[in-house]
There are 4 protein chains.
Amino acid sequence: MAKPLRVALIGTGFMGKCHALAWNAVAPVFGDVPRPELALLCEAGAELAAARAAEFGFARASGDWRDAVAAPDIDVVSITTPNAFHPEMAIAALEAGKHVWCEKPMAPAFADAERMNAAAQASGKVAALGYNYIQNPIIRLMARLLGEGAIGRATHLRVEMDEDFMADGAAPFDWKHAATSGYGALDDFGVHAFSLLRVLGFEPRAVTALMTKPYADRATGDGSRRAVETHDVASLLLRFDGLGGTILLNRSAWGRKGRIFVQIFGTAGSIVYDQERFNEVQLYTADGPRDRQGFRSILAGPVHPPYEKFIPAPGHGLGFNELKVIECRELLRAIAGEPAHLLDFSAGLEIERAVHAAARSHESGQWVDIG
Amino acid sequence: MAKPLRVALIGTGFMGKCHALAWNAVAPVFGDVPRPELALLCEAGAELAAARAAEFGFARASGDWRDAVAAPDIDVVSITTPNAFHPEMAIAALEAGKHVWCEKPMAPAFADAERMNAAAQASGKVAALGYNYIQNPIIRLMARLLGEGAIGRATHLRVEMDEDFMADGAAPFDWKHAATSGYGALDDFGVHAFSLLRVLGFEPRAVTALMTKPYADRATGDGSRRAVETHDVASLLLRFDGLGGTILLNRSAWGRKGRIFVQIFGTAGSIVYDQERFNEVQLYTADGPRDRQGFRSILAGPVHPPYEKFIPAPGHGLGFNELKVIECRELLRAIAGEPAHLLDFSAGLEIERAVHAAARSHESGQWVDIG
Amino acid sequence: MAKPLRVALIGTGFMGKCHALAWNAVAPVFGDVPRPELALLCEAGAELAAARAAEFGFARASGDWRDAVAAPDIDVVSITTPNAFHPEMAIAALEAGKHVWCEKPMAPAFADAERMNAAAQASGKVAALGYNYIQNPIIRLMARLLGEGAIGRATHLRVEMDEDFMADGAAPFDWKHAATSGYGALDDFGVHAFSLLRVLGFEPRAVTALMTKPYADRATGDGSRRAVETHDVASLLLRFDGLGGTILLNRSAWGRKGRIFVQIFGTAGSIVYDQERFNEVQLYTADGPRDRQGFRSILAGPVHPPYEKFIPAPGHGLGFNELKVIECRELLRAIAGEPAHLLDFSAGLEIERAVHAAARSHESGQWVDIG
Amino acid sequence: MAKPLRVALIGTGFMGKCHALAWNAVAPVFGDVPRPELALLCEAGAELAAARAAEFGFARASGDWRDAVAAPDIDVVSITTPNAFHPEMAIAALEAGKHVWCEKPMAPAFADAERMNAAAQASGKVAALGYNYIQNPIIRLMARLLGEGAIGRATHLRVEMDEDFMADGAAPFDWKHAATSGYGALDDFGVHAFSLLRVLGFEPRAVTALMTKPYADRATGDGSRRAVETHDVASLLLRFDGLGGTILLNRSAWGRKGRIFVQIFGTAGSIVYDQERFNEVQLYTADGPRDRQGFRSILAGPVHPPYEKFIPAPGHGLGFNELKVIECRELLRAIAGEPAHLLDFSAGLEIERAVHAAARSHESGQWVDIG
């Protein structure tokens, strides 16, 4: 990759800042890519855009996201706005010949996600999704362990994802409680669960789901109460080829802050992972002397690429934001035409297909085939 | 209770020995009951019966379990034989006017469990089941915390039960792989899960289940392979009144030795419990300064009755066998006509009703009402 | 062992009850020893003695401990009274030709411990100490792992023992705060630490210690305050042959309930143990693929003798009281002239020698040789 | 701070890269400081310097560190070279009127550290040390908890620091085994332990230490063996005002990767911290219902400043490198004349004074006063 990429960033919230940090860090961390040119930052409001551009190190700013699409010097666009904006922005950018790095999920409506994927296929450009959890060196180790047969053939899967930002019933009704925002935990968290299963090699074939609401209604600003339309809790039974599994999701789970708990049981061992301690993984292998068998806790270190690009010493710990730096490096790899560890719009569409199938199964009380 | 009870024990396997230890320990531990008279031990084979009687401290022995029923001096019969024998033995003992302490589950066939319960109701005697996990002081604490509203109203439940005694695919076909033994993990483990939910105050209303087989067939003694008829893995979605939950069961889960993992989420906090560390429970309460909130790990101690009957110092740890001693004390309480913390045949029947409903839902792929 | 042993028990407090439970359980649990005859229970006060004898299953009772020594039918005497009584009782019992099972530590004064050991040597009888922690199947596994070289040559040792029964500064002055009770944590806890090191094969050669008092004085019953004379905290640096180590002791450590934390580092791995989770041990071995190395958590099970005598299933957990049952079986082995895993008065004397050396080092601020 | 600072970086190893990442990230993360100008990167060898400058985003490069001191446009110099170079570089930079951000420890020889501090005092410039662990929001929480009396008055302290990069006895002799590199674990790790105690408010008054060598000699390149001159293990007893404590250090501790284990016991509770899980802390407070007391595990989140500058969601986890970003922000604060949470050369000198006192106590076998 001889020439530095010129980058535009749309959005400066949680994920916008995360992208900005990644664009700043990718060259110092990896040392094998030209330092990207942070060309343009777009945010609603020109003044805010200018302030953020200065902080984030972008050369110029705009209050209109369309400038990122229109500017001829931009190679790649980071899209970090709310999901509802993704389709229009991503399609416009792809049609303008830009590579796109879009936060997940793709879109509230499946048809929009399909249009996004169609645009990506038509463009021939890289259209990557921001599934940063899959970039964790420990998740890569898990995929490698599975591939190498460390636990034999998988026989049972469980994924849980729980946080507590909706757990306070006294908190008022907000947009995430309206049906327009989606299903609730199912899409909010489900896409993460399916993305992890996907990179670990598991493709769901059928689903039945149950969704529940911890709180039937919530206070509004005017003193009345409004019925909650989304479900903070979703539980899915899943059939895979030759095995079964579950995905359990709860965004009203007091005390859980960023838990993604994965249990994979196989014919020769088991793997257990907890995102709240994402620099570790538990591995059990049914070999060696029986009185010494046990789950071993493996701490991330330089032997787990690309941890070594960040820190030469083991056990010191990567942070959540650094997973985005790894993702950024993979994006650059994809743009350079190299094999990359990324979920693109095509893979993302399969993830969202599963989510929508689960929602239908909740409605019907029946098993629903996926895809 | 002025007069010591006279006890017969049928069976001397895992649970038989556990009962014997409990009958020996209940008076020294609790100090408030007359020491039971260990009158008669029955085991298949008179010689074995005599040897075990000497070890276990029983006064006399018999190779025929019917002697326990026929002997006029026997007040209570411990039944610890394989499940298939429970109906005949329990019904005979109850009809002979004995109190019965029977290991769980009641019977492979639901109709037999119904007959057992009918006999119990007709007898007016105590008919208790050996759900010893519920006797754990920590489980009692959990029930008390729920009752006191420590985590508010429950909004979501998860129970997992996992062991690995079926995980080795090279192990030969045994009776637990035959359909005559039951469904597999669903009844083997499911009754434990439902029993815990029951004592914690949660009654399931509907279920849908998925059962899978890690191994399609297993080696037999003659060099051929036989199809496995039971399912080592079962996953259940459950509806309770006003909330949902899951029960996940796996007896082929490498590395899990005695795991029963319970997560209860509520409107004001959460409770998490792991049977592999059953002298502990995790409690999260959403109160106090926000920067100090976290799951607290409560270690069992004398403040958690009846731990103090065993050990005056906290954190020293009860053992699995000691839960049976507590159960024995509760049995004596029930026989004395006092309120007792026990699951009787009537409660046990509800547990088995739920298990059979789950099995039907697996067959039909539909939600099935319980009860 | 053809003939059942006839047992007398002196004392019925925490440890007295623990001995009684062990004497009741040893035959049912192990099944390879004649059931001991529980002949005589001695406790201060004839009435209390009679009540306890009934609960504990002893045939007769006495208000005078000397009856245990005088009775010609007694083979073995359990001594579970406060430490200050040990010398007189143990020496009398040994001189009367009884085997002695005495709780630790031997005596407050080293000279008394020496006298006890001299009496034991002169008697030719078994004189065993109640170091029950060393009976844990997991501790035996640790000893075996060390012996087999699982972690190579040991290079560094750390033992911590912490509880919080002295942590409340508002609690009044009691006898454990008076110098007559001993040094404080140093002897109260230190003997446990040294006993574990001993069975793991480590003999201390020199020590320097620091003792401190969390509370300078405490309230007395009459409204005044009295200076605390013992030290709730003790920290020891130790030299062993070819390696160093530490013992850290605190009985005012809020939140620690029964923690004994052992870390053993070696040339090929490490072992970590926590008594608050005493059915587990952590083992790290520096072998195999480097990206899979980690501390493994081994759960106690039937592959760790004599766990299988209690429970045929792994991961179900022994309790603190059951360690005493194992100790009782070892005592019977010793009495039968078989090799036994026990610390006798001779070994106990070495442990107490180390404790007193540590106390002198605290006084002098100098390293003190042990033994 | 109106004007961006102009920065020179000397060194591009582990810590050099870490500084570079911090200089790149500090403005995007905090959003309240002008983006520093990365002006000059110095590394041995002009070609390497130029390559790293391009990666790290520095405008120009030099093969001679003196250019960083001589360049009139430089405001602050990051010094990340081996310790032996610190004195010359730091003193030169300070004398040239630059602010200095120097990695710890200050220097192998105490006299050099004294000279560095004298230069800092004379210069009136900021002279900060790279004690990044103290920047952890969780460490700040611990300091706040102590300050607010959450655990009452501290009564006992324990700090352990363990890694295993020296644990392999087959690894050859390297410069860290030569006496010229210092004492071994004592200075390598001890400075971290003392720095943490310092920011938590604990100042050591006297020390006695024991140092040991897991390996007496190691292979050299020429097939011979050379005696190891440094000690991989060091154990320190410490007196503070009114309480005692320990620091235990081991860089040959197989399985420990980045463990810094801190236990602080107080009159009203305890705090426990493990650097291998540095987004968590354990807090025990002896209040509320006794049956609910336990160590609570607090996960870092936006309520623990400045975590919220990195991630708006709790439990997602900061990484080791991000602690340096926080330190960088504190440095900027100090340069702006604002109160800053930093250890400067003066504080660093006290830390090194304690280390050298410990070394002397090991030599003499006596307690040594500190300071």
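The values are calculated or read from the model by the stated rules, or taken from the named source; none is laboratory data. This one's a predicted model, so the numbers in the text were calculated from it and none came from an experiment. Note that we place each Cβ from the backbone using ideal geometry, even for glycine, and neighbour counts take in every protein chain shown. Surface accessibility is based on the protein's heavy atoms, side chains included, excluding ligands, DNA and RNA. Shrake-Rupley method; radii C 1.70, N 1.55, O 1.52, S 1.80 Å.
Quick notes
- Test: D:Ala68 is in contact with a Ser or Thr (Cβ under 8 Å, 6 or more places away or on another chain) and closer than 20 Å to D:Tyr131 by Cα: no
- Against the test of being at negative phi, open to solvent by 10 Å² or more (accessible area, probe 1.4 Å) and in the same structural domain as D:Ala286 (by TED's automatic domain parsing), the options D:Thr208, D:Thr155, D:Thr180 yield a single qualifying residue, D:Thr180.
- Those strands (runs of 3 or more DSSP E) of region D:1-112 in which at least 1 residues are within 25 Å of the chain's Cα centre (by Cα), considering only elements entirely within it, cover D:6-10, D:37-42, D:76-79, D:99-102.
- Selection from region B:261-287 of residues that are without any contact (Cβ under 8 Å) to a residue 24 or more places away in the chain and either in contact with a helix residue (DSSP H, G or I) (Cβ under 7 Å, 6 or more places away or on another chain) or more than 7 Å from chain A (Cβ to nearest Cβ) (or both): B:Val272, B:Asp274, B:Glu276, B:Arg277, B:Gln282, B:Asp287
- Scan of region D:268-293 for residues that are assigned to a loop (DSSP other than H, G, I, E, B), buried (at least 23 other Cβ atoms within 10 Å of the Cβ) and over 25 Å from the mean Cα position of the chain (by Cα), ordered by number: D:Gln293
- Of all residues in region C:302-317, those that are among the aliphatic types (A, V, I, L, M) and either buried (at least 23 other Cβ atoms within 10 Å of the Cβ) or facing chain B (nearest Cβ under 7 Å) (or both) total 2.
- Residues of region C:318-325 include at least one that is buried (at least 22 other Cβ atoms within 10 Å of the Cβ), within 9 Å of chain B (Cβ to nearest Cβ) and of a type in the set (S, T, N, Q).
- The listed residue being assigned to a loop (DSSP other than H, G, I, E, B) and either of a type in the set (Ser, Thr, Tyr) or outside the structural domain of C:Thr81 (by TED's automatic domain parsing) (or both), out of C:Asp187, C:Asp222: C:Asp222
- Matching residues in region D:94-108 - criterion: being of a type in the set (Gly, Ala, Ser) and open to solvent by 40 Å² or more (accessible area, probe 1.4 Å): D:Ala96
- Subset of region C:326-371 that is within 30 Å of C:Lys309 (Cα to Cα) and small (Gly, Ala, Ser) - its residue that is surrounded by the most Cβ atoms within 10 Å (Cβ to Cβ): C:Gly348
- Extreme residue, surrounded by the fewest Cβ atoms within 10 Å (Cβ to Cβ), among residues of region D:237-260 that are among the small types (Gly, Ala, Ser) and within 14 Å of chain A (Cβ to nearest Cβ): D:Gly258
- Residue in region B:127-145 that is aliphatic (A, V, I, L, M), farther than 27 Å from B:Arg35 by Cβ and over 19 Å from the mean Cα position of the chain (by Cα) present: yes
- Hey, C:Gly149 in contact (Cβ under 8 Å) with a residue 40 or more places away in the chain, surrounded by fewer than 24 Cβ atoms within 10 Å (Cβ to Cβ) and assigned to a loop (DSSP other than H, G, I, E, B) or not: yes
- Taking every residue in region D:209-222 that is away from chain C (no Cβ under 14 Å) and pairing it with any residue that is of a type outside the set (A, V, I, L, M, F, W, C) and open to solvent by 60 Å² or more (accessible area, probe 1.4 Å), at least 6 positions away or on another chain, the pairs with Cβ-Cβ distances below 9 Å are D:Ala219/D:Pro172; D:Ala219/D:Arg225; D:Ala219/D:Arg226; D:Thr220/D:Pro172; D:Thr220/D:Arg226; D:Gly221/D:Pro172.
- When the residues of region B:326-358 are filtered to those that are in a loop (DSSP other than H, G, I, E, B) and not aliphatic (A, V, I, L, M), the one that is nearest to the other protein chains (Cβ to nearest Cβ) is B:His341.
- Each residue in region C:35-64 was checked for being more than 15 Å from C:Leu5 (Cβ to Cβ) and touching a residue at least 40 places away in the same chain (Cβ under 8 Å), and 2 pass.
- Applying the condition of being under 18 Å from A:Ala253 (Cβ atoms), outside any loop (DSSP other than H, G, I, E, B) and more than 11 Å from every other protein chain (Cβ to nearest Cβ) to region A:152-181 and asking which residue is modelled with the lowest pLDDT yields A:Lys176.
- The criterion of being hydrophobic (A, V, I, L, M, F, W, C), on the phi < 0 side of the Ramachandran plot, at pLDDT 95 or above and out of contact with any His (no Cβ under 6 Å at 6 or more places or on another chain) holds for B:Phe56.
- Pairs meeting the criteria (first residue in region D:65-76 and buried (at least 18 other Cβ atoms within 10 Å of the Cβ), second residue of a type in the set (Phe, Trp, Tyr), beta carbons under 9 Å, at least 6 apart or on different chains) are D:Trp65/D:Phe85; D:Val76/D:Trp101.
- Meets criteria (in the same structural domain as D:Ala119 (by TED's automatic domain parsing) and open to solvent by 20 Å² or more (accessible area, probe 1.4 Å)) for D:Trp23: no
- Residue match in region C:225-236 (condition: more than 29 Å from D:Asp287 (Cα to Cα), within 9 Å of chain D (Cβ to nearest Cβ), in contact (Cβ under 8 Å) with a residue 40 or more places away in the chain and surrounded by 24 or more Cβ atoms within 10 Å (Cβ to Cβ)): yes
- D:Ile79 of a type outside the set (Phe, Trp, Tyr), more than 24 Å from D:Pro306 (Cβ to Cβ), open to solvent by less than 50 Å² (accessible area, probe 1.4 Å) and in contact with a Cys (Cβ under 6 Å, 6 or more places away or on another chain): yes
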